[in-house]
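Structure first, then comments.
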Amino acid sequence: MSDSTPVPRKVTFGALDAAPEAPGIASETAEIGGHRWARVRYEPDVLREEWCDAGHEGFVLEGDITYEFTDGTAPLELVAGEAFSLPGARVHRGTAGAEGALLFLID
């Protein structure tokens with residue numbers, strides 16, 4: 001096995017410092033294999049004001065979130081237990097529901 005071979009790794013998000021991403025949104029992140037892994041918390045009813053053009057894959061751990069798109073694509077409504085894929089070609093932003101949302105993202 002060479003020195004560049006990836007090794008198994010555990011990520012304990014609760015042990016990481018949460019960093020603010022936008023008003024009402026904070027994340028704990030780790031870099032794994034050139035990708036950002038993040039646990040992202042939206043406070044209740046928070047809209048991410050800026051639009052995002054990066055792709056993400058994720059899973060809703062708690063609460064609910066709705067993604068809207070600039071190109072007229074129908075909103076994507078997600079609840080706890082659902083996974084999703086947001087292609088970078090679809091510029092988007094999310095709004096958390098009344099209880100907020102906790103997401104796991106890879107981008």
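The values are calculated or read from the model by the stated rules, or taken from the named source; none is laboratory data. No experiment lies behind these values; they were computed from the predicted model shown. Glycine also receives a Cβ, built like all others from the backbone with ideal geometry; neighbour counts cover every protein chain displayed. In case anyone asks, the SASA skips ligands and DNA or RNA and just uses the protein heavy atoms, side chains included. Shrake-Rupley method; radii C 1.70, N 1.55, O 1.52, S 1.80 Å.
Scan the range 26-33 and tell me whether some residue there is touching a Gly at 6+ places or on another chain (Cβ under 8 Å), modelled with pLDDT of 90 or more and open to solvent by 50 Å² or more (accessible area, probe 1.4 Å). Outline the logic, then answer.
Step one: list which residues in the range 26-33 are touching a Gly at 6+ places or on another chain (Cβ under 8 Å), which gives 28.
If we keep only those that are modelled with pLDDT of 90 or more as well, we get 28.
When the remaining residues are screened for being open to solvent by 50 Å² or more (accessible area, probe 1.4 Å), the result is none.
No, the range 26-33 has no match at all.
Hey, any hits in the range 58-78 for a residue that's of a type in the set (A, V, I, L, M), in contact with an Asp or Glu (Cβ under 8 Å, 6 or more places away or on another chain), farther than 20 Å from Ala22 by Cα and open to solvent by 70 Å² or more (accessible area, probe 1.4 Å)?
Checked the range 58-78: no residue is of a type in the set (A, V, I, L, M), in contact with an Asp or Glu (Cβ under 8 Å, 6 or more places away or on another chain), farther than 20 Å from Ala22 by Cα and open to solvent by 70 Å² or more (accessible area, probe 1.4 Å).
Could you check, for the range 11-25, whether at least one of its residues is open to solvent by less than 80 Å² (accessible area, probe 1.4 Å) and modelled with pLDDT of 95 or more?
Yes - at least one qualifying residue is present in the range 11-25.
For Ala98, which of the numbered conditions (1) more than 29 Å from Val7 (Cβ to Cβ); (2) touching a strand residue (DSSP E or B) at 6+ places or on another chain (Cβ under 8 Å) fails to hold?
Evaluating Ala98 over (1) more than 29 Å from Val7 (Cβ to Cβ); (2) touching a strand residue (DSSP E or B) at 6+ places or on another chain (Cβ under 8 Å) leaves (2) as the failure.
Taking the range 34-45, which residues are under 21 Å from Ala98 (Cβ atoms) and open to solvent by 70 Å² or more (accessible area, probe 1.4 Å)?
Applying the first criterion (under 21 Å from Ala98 (Cβ atoms)) to the range 34-45 yields 39-45.
Across the range 34-45, the qualifying residues are Arg41, Glu43, Asp45.
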